[in-house]
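Comments concern the structure below.
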Amino acid sequence: MSDRPHRGPAPLPGEKPKKDRSWRFYAAIVVAIVALVFIVQNSQKVEVDFIFATTNTPLFFILIVTFALGALAGWLWPHVRRDRRRERERD
């Protein structure tokens, strides 16, 4: 007998094996849904000052941009740290 745990039937030829989703996937879905509800509920126009420009824009647009920038920063941060760690290990 094999010591490996049984993971179900093998995929058919040409078929991709199923991947189990981690808790991070489900947490990201929940955060995205909560952010979407928050964004939709805040549709009034607001005045935005950015450096030298001032504009009136819907609040939901500002929230979408902020959420996207935060998600990008959260995705990039581990990659930057990993690359810096690799550089230190090389030296």
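Among residues of segment 68-86 that are surrounded by 10 or more Cβ atoms within 10 Å (Cβ to Cβ), none has a beta-carbon under 7 Å from a residue that is hydrophobic (A, V, I, L, M, F, W, C) at least six positions away or on a different chain. When residue 54 is tested against (1) within 19 Å of residue 25 (Cα to Cα); (2) not in a helix (DSSP H, G or I), exactly one condition is not met: (1). Residues that are modelled with pLDDT under 85 and aliphatic (A, V, I, L, M) do occur in segment 40-53, at least one of them.
Take the residues in segment 57-81 that are part of a helix (DSSP H, G or I) and not hydrophobic (A, V, I, L, M, F, W, C); name whichever of them is modelled with the lowest pLDDT.
Keep residues of segment 57-81 that are part of a helix (DSSP H, G or I), which gives 59-81.
Checking the rest, the ones that are also not hydrophobic (A, V, I, L, M, F, W, C) come to 66, 70, 74, 78-79, 81.
Values: 66: 87, 70: 90, 74: 87, 78: 80, 79: 77, 81: 74.
That would be 81.
For segment 24-63, a residue qualifies if it is among the hydroxyl-bearing types (Ser, Thr, Tyr) and either touching a residue at least 12 places away in the same chain (Cβ under 8 Å) or closer than 25 Å to residue 75 by Cβ (or both), and the qualifying residues are 26, 43, 57.
Residue 52 meets the conditions (1) exposed (fewer than 10 other Cβ atoms within 10 Å of the Cβ); (2) in contact with a Lys or Arg (Cβ under 8 Å, 6 or more places away or on another chain) in every case but one. The failed one is (2).
The values are calculated or read from the model by the stated rules, or taken from the named source; none is laboratory data. Everything numeric in this text was worked out from a predicted model, so none of it was measured. Positions of Cβ are backbone-derived with ideal geometry, glycine not excepted, and every protein chain shown enters the neighbour counts.
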